[in-house]
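Asks: Let me begin by handing over the structure; questions about it come next.
The values are calculated or read from the model by the stated rules, or taken from the named source; none is laboratory data. Note that the coordinates shown come from a computational prediction; the quantities given were computed from them, not determined experimentally. Cβ coordinates were reconstructed from backbone atoms using ideal geometry, including for glycine residues, and neighbour counts include every protein chain displayed. These area figures cover heavy atoms from the full protein model, side chains too; ligands, DNA and RNA do not enter into them. Shrake-Rupley method; radii C 1.70, N 1.55, O 1.52, S 1.80 Å.
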Amino acid sequence: MAITDKRGDLDLRDVYAAHGPEIYRFALRQLGDGQAAEEAVQEVFLKAWRSAERFDPDLASLRVWLFAIARNVVIDEARARARHTRRLHAVAADRPANISDFADSVLDQRLVEEALLRISDNHRVALVETYLRGRSYRDVAAEVGVSQVTLRSRVFFGLKALRLAMEEMGVRL
């Protein structure tokens, strides 16, 4: 493999031997991670090999050209890491503190869903709309076509029916 310049071909192995360790140290200082620095060096030489026809020794030395590529690779890697870190923080903020809390909440949700299926439609609608969706009694009563007093009664008896259904399912409250 060779990098072609106006004077002829340069052997990529020789170029790597001459400049690889220095580019590695540069990437390591910038990224602070040995594995990421190794990957950056690999990317630098791959990009150099792919764009060898653009190397012009009259504009800059091979070392300068390689370090320009290395600078861009390191910047890209740092930006990618920052995006990844932001995504991880966003996901961590949205999830429960630990996996067992998550599993417990999923299990609780499934149990409530199952228990809601075991009570009457009127009670289920009253509970889902007021408790789970947080809608006002006035709005739900108007939508369902009953008085607010009737809706409150359905919520009260719906909670009793839900508790009984969950006890029948083996859930201790």
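Asks: Identify the residue in the stretch 117-135 that is closer than 16 Å to Phe156 by Cβ and touching a residue at least 40 places away in the same chain (Cβ under 8 Å) and, among all such residues, is surrounded by the most Cβ atoms within 10 Å (Cβ to Cβ).
Replies: Ile119
Asks: Please enumerate the residues belonging to the stretch 23-63 that are assigned to a helix (DSSP H, G or I) and touching a residue at least 40 places away in the same chain (Cβ under 8 Å).
Replies: Ile23, Phe26, Ala27, Gln30, Leu31, Ala36, Ala48, Trp49, Ala52, Glu53, Leu62, Arg63
Asks: Cβ contacts < 6 Å: first residue among the aliphatic types (A, V, I, L, M), restricted to the stretch 156-170; second residue crowded, with 18+ Cβ neighbours inside 10 Å and modelled with pLDDT of 90 or more, any location; separation 6+ or different chain. Result?
Replies: From residues that are among the aliphatic types (A, V, I, L, M), the pairs are Ala161/Ile119; Ala161/His123; Leu162/Ile119; Ala165/Ile119.
Asks: Test Ala93 against the criterion of being open to solvent by less than 100 Å² (accessible area, probe 1.4 Å) and at pLDDT 80 or above, and give yes or no. Let's see the steps before the verdict.
Replies: Values: open to solvent by less than 100 Å² (accessible area, probe 1.4 Å): yes; at pLDDT 80 or above: no.
Criteria not met by Ala93.
Asks: Shifting gears a bit: Specify which of the listed residues (Ala27, Ala48) is open to solvent by less than 10 Å² (accessible area, probe 1.4 Å), closer than 15 Å to Val64 by Cα and over 29 Å from the mean Cα position of the chain (by Cα). Working first, answer last.
Replies: Working: Ala27 fails: over 29 Å from the mean Cα position of the chain (by Cα).
After applying the criteria, what remains is Ala48.
Asks: Here is a further query. List the number of the failed condition for Leu164; all other conditions in (1) over 13 Å from Leu116 (Cα atoms); (2) open to solvent by 80 Å² or more (accessible area, probe 1.4 Å) hold.
Replies: Here Leu164 clears every test but (1).
Asks: Just to check your reading of the model, which residue among Arg79, Arg86 is open to solvent by 100 Å² or more (accessible area, probe 1.4 Å) and modelled with pLDDT of 85 or more?
Replies: None of the other options fit; the residue is Arg79.
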